[in-house]
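Chemist: Pasting a structure here, questions to come.
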Amino acid sequence: MGFRQAACHVWAIDGYEDDDRMARVNTAYTEASPESVENNKGWRSATVERAVVTVRARLRPALTDRPCTIYGGFRRGQKLPEHMWLEYNGYIFETMPGHDLVFEQANNRNRDTPRLEGDPFANANVGFCISVLTESQLAMINAAT
């Protein structure tokens, strides 16, 4: 399958190494789903952080010391983000199935709705957490930029 088939949350949380790991990220991500939904920004940010921590605790990726912000956009009533992306070094990086890694300079608009997202998220519907890049993410960013 390859990277172009990776879900956005796979990239935003772990990067991409191979299809087997992508499947394991998907499973761990699904298991991070909360039991109930609260429609507010604080809950959404806590949910993004829970997804990142859960997946990384299970798969133990090699982490860097490079800080990043991982975002997740929700539609009302969703337990996990509909779309995820990250910000690193002043740029937004994202993907969706069928796309390569895309990036653009970060601004308030694309922190809430990055380029590949066709239906804008309201700011209140975007959660985020402060994290660090994985080695896989950093390698892919370096190759793309």
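The values are calculated or read from the model by the stated rules, or taken from the named source; none is laboratory data. The structure displayed is predicted, hence computed values, not measured ones. Here Cβ is always computed from backbone atoms with ideal geometry, including for glycine, and neighbour counts include all displayed protein chains. To get the accessible areas, we keep the full protein, side chains included, count just its heavy atoms, and leave off ligands, DNA and RNA. Shrake-Rupley method; radii C 1.70, N 1.55, O 1.52, S 1.80 Å.
Chemist: Quick one: in the range 100-113, of everything that is in contact with a helix residue (DSSP H, G or I) (Cβ under 9 Å, 6 or more places away or on another chain), of a type outside the set (D, E, K, R) and surrounded by 17 or more Cβ atoms within 10 Å (Cβ to Cβ), which residue is nearest to Glu17 (Cα to Cα)?
Modeler: If we take residues in the range 100-113 being in contact with a helix residue (DSSP H, G or I) (Cβ under 9 Å, 6 or more places away or on another chain), of a type outside the set (D, E, K, R) and surrounded by 17 or more Cβ atoms within 10 Å (Cβ to Cβ), then Leu101 is nearest to Glu17 (Cα to Cα).
Chemist: Within the group Arg24, Arg60, which residue is open to solvent by 50 Å² or more (accessible area, probe 1.4 Å), under 24 Å from Gly98 (Cβ atoms), modelled with pLDDT of 95 or more and not hydroxyl-bearing (Ser, Thr, Tyr)?
Modeler: Checking each option against the conditions leaves just Arg24.
Chemist: Give the residues of the range 114-141 that are hydrophobic (A, V, I, L, M, F, W, C) and within 26 Å of Asp18 (Cβ to Cβ), sorted by residue number.
Modeler: Leu116, Cys129, Val132, Leu133, Leu138, Ala139, Met140, Ile141
Chemist: If Thr69 satisfies all but one of (1) in contact with a Phe, Trp or Tyr (Cβ under 9 Å, 6 or more places away or on another chain); (2) closer than 15 Å to Val10 by Cβ; (3) open to solvent by less than 40 Å² (accessible area, probe 1.4 Å), what's the number of the condition it fails?
Modeler: Exception for Thr69: condition (2).
Chemist: With closer than 17 Å to Asn123 by Cα and among the polar types (S, T, N, Q) as the only criterion, which of Ser33, Ser45 stands out?
Modeler: Ser45
Chemist: I need the full set of residues from the range 83-108 which are within 14 Å of Val126 (Cα to Cα) and modelled with pLDDT under 95, in order please.
Modeler: Of everything in the range 83-108, just one residue is within 14 Å of Val126 (Cα to Cα) and modelled with pLDDT under 95, namely Asn108.
Chemist: Residues of the range 122-143 being within 11 Å of Arg66 (Cβ to Cβ) and in a helix (DSSP H, G or I), which ones?
Modeler: Glu135, Gln137, Leu138, Ile141, Asn142 - these are the residues of the range 122-143 that are within 11 Å of Arg66 (Cβ to Cβ) and in a helix (DSSP H, G or I).
Chemist: Another question, then. Going by the structure shown, is Gly127 open to solvent by less than 40 Å² (accessible area, probe 1.4 Å), out of contact with any Cys (no Cβ under 7 Å at 6 or more places or on another chain), in contact (Cβ under 8 Å) with a residue 12 or more places away in the chain and over 24 Å from Arg24 (Cβ atoms)?
Modeler: no
Chemist: Okay, moving on. Scan (1) open to solvent by less than 30 Å² (accessible area, probe 1.4 Å); (2) touching a strand residue (DSSP E or B) at 6+ places or on another chain (Cβ under 7 Å); (3) touching a residue at least 40 places away in the same chain (Cβ under 8 Å) for the single condition Ala144 breaks and write down its number.
Modeler: Condition (1) is where Ala144 drops out.
Chemist: Based on this model, can you work out whether Thr134 counts as of a type outside the set (Asp, Glu), in contact with a Pro (Cβ under 6 Å, 6 or more places away or on another chain), closer than 19 Å to Arg56 by Cα and crowded, with 17+ Cβ neighbours inside 10 Å?
Modeler: The answer is yes for Thr134.
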